[in-house]
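Single-structure report; data block below.
Every read-out reported here was derived from the displayed coordinates using simple, explicitly stated rules and does not represent laboratory data. Note that the coordinates shown come from a computational prediction; the quantities given were computed from them, not determined experimentally. Every residue, glycine among them, receives a Cβ derived from its backbone with ideal geometry; neighbour counts consider all protein chains shown.
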Amino acid sequence: MFLAFGGAALAQDPTLAATPPMGWNSWNHFAGRVNDADVRAAADALVSSGMRDAGYIYVNIDDTWEAQRDAQGVIHTNDKFPDMKALADYVHSKGLKIGIYSGPGPKTCAGFEASYQHEEQDAKSYADWGIDYLKYDLCSFRMIMRQQAPHDQDKQNQMMKDAYEKMHKALIATGRPIVYSLCQYGWDDVWKWGPSVGGNLWRSTDDINDTWQRMSEIGFGQLGLAKYAGPGHWNDPDMLEVGNGGMTGDEYRTHMSLWAILAAPLLAGNDLSSMTAETLSILTNKEVIAVDQDALGKQGDRASAVGMTEIWTKPLSGGAVAAGLFNRDAEEHPVTLHLRDIGFENHAKLRDLWKHEDVHTSNGSYTVTVPAHGVVMLKVSR
């Protein structure tokens, strides 16, 4: 397709992020410690674990790779990343893609060099290195917004949109397809304008952390956003915490199931070199991943809520529906799915995506006991 900006038609690859991006991001586990060796190890682990073959293809470097600019204004990497082009070549040699991080302000969230007034130079550097994905974090640009429009929220919001559009234009001008991830925490209903500034995905929330409370409030808080997502442009409730140790297996299965129903990007945030078998099985459940990656490109939404239990559904290609039966309580509860409530007659085929087995309805409904903070995830088809 073509996006028009300022009278000029700028080509955008229609296959870019046709399904929600999948991969790994360094921040949740490594934060500011990440280095070249960590990224190479993550690439190796994606391959050896089978995660690459399950769909995880982006290896994304978050904040703290940046050094200073030279006299010509060109950004350089710091000692942790001695040769970004060589690193990108290594990642590509594994059949993977590589991502990087910056922001529209003068400094990144961690205080490193960002892209303010150097957008075209930085985009060119990324393309020259072979970068495939850019996470662009608002951070210090908020200071500029407040300085230039101290009491005018509308003007601040327009400045933010203009800053994101400016980097999009710079990325397009490189000629290299680069997935563009807007990270500005859902401000000003970004889902309503994200596509118009070139975003392939946009953070719909503030940061996640590895707790049941934060994960669940973010995930279940996506209610009502389904109509804003679709092929090439996705709501992003932040990265996966699966395997980082702060939640139980049932809670991580809830996390993975909910993100899949939300058609969310699946960006693992754990240490891939030391995964337990349970963590790997959650991250590589191909039946759950297929829900997230379904070609129809529809985000799911809540179908019903009774007490602390909720049923969320997602339309799938071929007329099927994914249904997540969630229990937000700290003790187990029975949950009943009525087929008629999700557009089916009394007879349908039901598949339990975590047990990998077919289950059967009775009189047009299916009742199952869902564990505390747990989920039963079904695929319902004709």
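All other residues whose Cβ lies under 14 angstrom from that of residue 319 are scored, Lys and Arg at +1 and Asp and Glu at -1, for a net of +3. Relative contact order, whole percent, for the chain stands at 14, derived from Cα pairs under 8 Å and 6 or more residues apart. Within segment 321-345, find all residues whose amide N lies under 19 Å from a label point positioned 7 Å from the Cα of residue 306 along Cα-to-beta-carbon. Taking a point 7 Å out along Cα→Cβ of residue 306, the residues of segment 321-345 whose backbone N falls under 19 Å are 323-345. The length gained by stretching the chain between residue 18 and residue 89 to full extension, at 0.36 nm per residue less their Cα-Cα distance, is 23.2 nm. Entry note, the chain: the mean residue ellipticity at 222 nm calculated from DSSP H runs of n ≥ 4, each adding -39500 (n - 2.57), is -8500 deg cm²/dmol after division by the residues and rounding to the nearest 500. Of 113, 241, 332, the residue with the greatest mean-square motion in the GNM of the chain, using alpha carbon springs below 10 Å, is 332. Can you give the net charge of the other residues whose Cβ lies under 10 Å from the Cβ of residue 30, counting K and R as +1 and D and E as -1? With Lys, Arg at +1 and Asp, Glu at -1, the neighbours total -2. Bridges between two residues of the chain, per DSSP, are antiparallel at a rate of about 65%. Which of (1) 8; (2) 16; (3) 19 is the computed percent of Cα pairs over 40 Å apart for the structure on display? Recomputing percent of Cα pairs over 40 Å apart here picks out (2). What the Cβ-Cβ distance of residue 128 and residue 223 gives, at R0 = 45 Å and to the nearest 0.05, is a FRET efficiency of 0.60.
Around residue 341, what is the net charge, scoring Lys/Arg as +1 and Asp/Glu as -1 over all other residues with Cβ under 14 Å from its Cβ? Taking every other residue near residue 341 into account, the sum is -1. Cysteines in the chain lacking any other cysteine Cβ under 4.7 Å from their own Cβ: 183. FRET efficiency for the pair residue 107 and residue 48, taken as 1/(1 + (r/R0)^6) with r the Cβ-Cβ distance and R0 = 30 Å, rounds to 0.25. Distance between the 7 Å Cα→Cβ label points at residue 286 and residue 76: 4.7 nm. For residue 80, the lysines whose Cα comes closer than 27 Å to its Cα, not counting residues fewer than 8 places off in the same chain, are 94, 97, 107, 124, 135. Relative to the current alpha-carbon distance between residue 209 and residue 340, full extension at 0.36 nm per residue lengthens the span by 43.5 nm. Segment residue 360..residue 295, full-extension length gain: 20.8 nm, with 0.36 nm per residue of separation and the alpha-carbon distance subtracted.
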